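Engineer: This is the structure, below, for whatever I ask next.
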Amino acid sequence: DACHVFGCIAQHPEAKTMQRISRIASHLLAGTAATPPSGDAKTPVKVVVTGAAGRIGYSLLFFIGNGRLLGPDIPVDLRLLEIPGMEKKLEGIAMELRDGAFPIVKKLTATTDPSTAFDGCQIALLVGAMPRKGNMTRADLLKKNAGIFKAQGRLINKYADRDVKVLVVGNPANANAMVAAHYAPDIPKANFHALTRLDQNRAVSMLGEKLGCDASKIRNAIVWGNHSSTMYPDVNSGHVSTSSGTKPLREAINDNKWLETSFLKAVRGRGSAIIKALGASSAASAANAACDHIRDWFLGTPQDKYVSMSVPSDGSYGVPEGIVFSFPCICKPGMKYEIVKGLHLDDYSKKLIKISADELVQQRKDALAAVS
């Protein structure tokens, strides 16, 4: 039933020409590699947000309304999906969205019916997941969510557009993405991603504070691995823009001990630190990062800008093929991405990447076993 399916609810910054936006949107809407048509995009992109009444979902909806997901000129057909029993709250959120009078939201549907929400959807943001409770072990959490995302994968396979793009936000995000992809055999595996952009954003912010500079001055600090305590924030390919020119991040920081201890611990433990301080998990920052991920995937990135995306491994850097693992990626118009190849990894980096990869191999095994 729907309650089992969804569990308990937990302007692109650079101006783009209308011609380019239209071409990208037309490609997405066509769902093919056909020659991009000319003219303005008129058909709204169908976007579904699960767990829409949760804290992350709520924040995400208003970012979408403001154009942060796809750009300020791309119309959306926005679907809000929740579990039965949440109808009243969902109705109130829909009222607020309508009161926002967002020009790009051409159609708004608030529903507890998965078939209505997923019907023909082109972008699915899977936010709703079972949160960890009381004495629940990580194994219990993995098992509960595996059942939820098995059902969601089947729904996507049955109702969504054949080229739907899926971003899993609900944790454990990487494992959940692998389960959903497994149970959506008619959808390309490359279309299922998990969110690690939040971890990259956190790392960049901390590096900016360390260097006393704006976060926008830092480029190509990346995060490898699982969205868990084994993730590896890596500065070795990064650089920072200073008044005297561009410097490699490691050289600018000039403190290897800090990078391998305090910084590593702080990025890995940021989620827990927020819960301790706020009494609740990250919401707005997670929603912001989800928009960053989809926007870059949709609009593309500069060739020399790397973004952290948890995507199915193609075997690069020795990561076992098929696991959903955070890599440095570049994105191209039409929602295409590529794992950045040929980056030098020292022995320390290889060690941490392997630890996270091994964890994900086991999580995939455990999650699929739980629902087979």
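Engineer: Run LEU207 past the list (1) part of a helix (DSSP H, G or I); (2) hydrophobic (A, V, I, L, M, F, W, C); (3) within 22 Å of TYR337 (Cα to Cα) and report the number of the one that doesn't hold.
Structural biologist: Among (1) part of a helix (DSSP H, G or I); (2) hydrophobic (A, V, I, L, M, F, W, C); (3) within 22 Å of TYR337 (Cα to Cα), LEU207 violates only (3).
Engineer: Return the pair list, or none, for Cβ contacts closer than 7 Å from residues in the range 346-372 that are closer than 16 Å to VAL324 by Cα to residues that are open to solvent by 40 Å² or more (accessible area, probe 1.4 Å) and part of a helix (DSSP H, G or I), at least 6 apart or on different chains.
Structural biologist: The qualifying pairs are ILE353/TYR317; ASP366/ALA139; LEU368/HIS182.
Engineer: Related question: Among the residues of the range 162-175, what is the count of those that are open to solvent by 10 Å² or more (accessible area, probe 1.4 Å) and among the aliphatic types (A, V, I, L, M)?
Structural biologist: Selection size over the range 162-175: 1.
Engineer: Name, by its number, the condition in (1) open to solvent by less than 10 Å² (accessible area, probe 1.4 Å); (2) among the polar types (S, T, N, Q); (3) over 19 Å from the mean Cα position of the chain (by Cα) that does not hold for GLN303.
Structural biologist: Against the list (1) open to solvent by less than 10 Å² (accessible area, probe 1.4 Å); (2) among the polar types (S, T, N, Q); (3) over 19 Å from the mean Cα position of the chain (by Cα), GLN303 comes up short only on (1).
Engineer: Also: Would the range 347-356 turn up any residue that is surrounded by 22 or more Cβ atoms within 10 Å (Cβ to Cβ) and of a type in the set (S, T, N, Q)?
Structural biologist: Checking the range 347-356: at least one residue is surrounded by 22 or more Cβ atoms within 10 Å (Cβ to Cβ) and of a type in the set (S, T, N, Q).
Engineer: Taking the condition aliphatic (A, V, I, L, M), touching a helix residue (DSSP H, G or I) at 6+ places or on another chain (Cβ under 7 Å) and closer than 22 Å to SER372 by Cα, does LEU141 pass?
Structural biologist: For LEU141, the condition - aliphatic (A, V, I, L, M), touching a helix residue (DSSP H, G or I) at 6+ places or on another chain (Cβ under 7 Å) and closer than 22 Å to SER372 by Cα - is not met.
Engineer: Sticking with this structure for a sec: If you check GLY71, GLY100, GLY51, which single one turns out to be open to solvent by 10 Å² or more (accessible area, probe 1.4 Å) and in contact with a helix residue (DSSP H, G or I) (Cβ under 8 Å, 6 or more places away or on another chain)?
Structural biologist: GLY100
Engineer: Which of the residues spanning the range 84-97 are of a type outside the set (D, E, K, R) and open to solvent by 20 Å² or more (accessible area, probe 1.4 Å)?
Structural biologist: Answer for the range 84-97, where residues must be of a type outside the set (D, E, K, R) and open to solvent by 20 Å² or more (accessible area, probe 1.4 Å): PRO84, GLY85, MET86, GLY92, MET95.
Engineer: Also, quick follow-up: Given the criteria under 23 Å from SER281 (Cα atoms), in a loop (DSSP other than H, G, I, E, B) and touching a strand residue (DSSP E or B) at 6+ places or on another chain (Cβ under 6 Å), does ALA52 qualify?
Structural biologist: Here the answer is yes, as ALA52 does meet what is asked.
Engineer: Before we move on, is ARG197 closer than 30 Å to ALA117 by Cβ and either of a type in the set (A, V, I, L, M) or surrounded by fewer than 17 Cβ atoms within 10 Å (Cβ to Cβ) (or both)?
Structural biologist: no
Engineer: Still on this structure: Filter the range 141-161 down to the residues that are open to solvent by 40 Å² or more (accessible area, probe 1.4 Å) and modelled with pLDDT under 95, then identify the one that is farthest from PHE118 (Cα to Cα).
Structural biologist: Across the range 141-161, the extreme among qualifying residues is LYS143.
Engineer: So if I check each of GLY65, GLY57, which one is of a type in the set (Gly, Ala, Ser), open to solvent by less than 20 Å² (accessible area, probe 1.4 Å) and over 17 Å from the mean Cα position of the chain (by Cα)?
Structural biologist: None of the others qualify; the one that does is GLY65.
Engineer: If you don't mind, there's one more thing I want to ask. Select from the range 212-251 the residues that are in a loop (DSSP other than H, G, I, E, B) and surrounded by fewer than 18 Cβ atoms within 10 Å (Cβ to Cβ) and write down the one among them that is farthest from the chain's Cα centre (by Cα).
Structural biologist: That would be SER244.
Engineer: Let me ask something else about it. Just the residues that are out of contact with any Leu (no Cβ under 7 Å at 6 or more places or on another chain) and open to solvent by 10 Å² or more (accessible area, probe 1.4 Å), please, taken from the range 306-332.
Structural biologist: Within the range 306-332, TYR306, PRO312, ASP314, GLY315, SER316, GLY318, PRO320, GLU321, GLY322, ILE330, LYS332 qualify.
The values are calculated or read from the model by the stated rules, or taken from the named source; none is laboratory data. Computed from a predicted structure; not experimentally measured. For neighbour counting, all protein chains shown are included, and Cβ atoms are generated from backbone atoms with ideal geometry for every residue, glycine included. Keep in mind that these areas ignore ligands, DNA and RNA; they rest on the heavy atoms of the full protein, side chains included. Shrake-Rupley method; radii C 1.70, N 1.55, O 1.52, S 1.80 Å.
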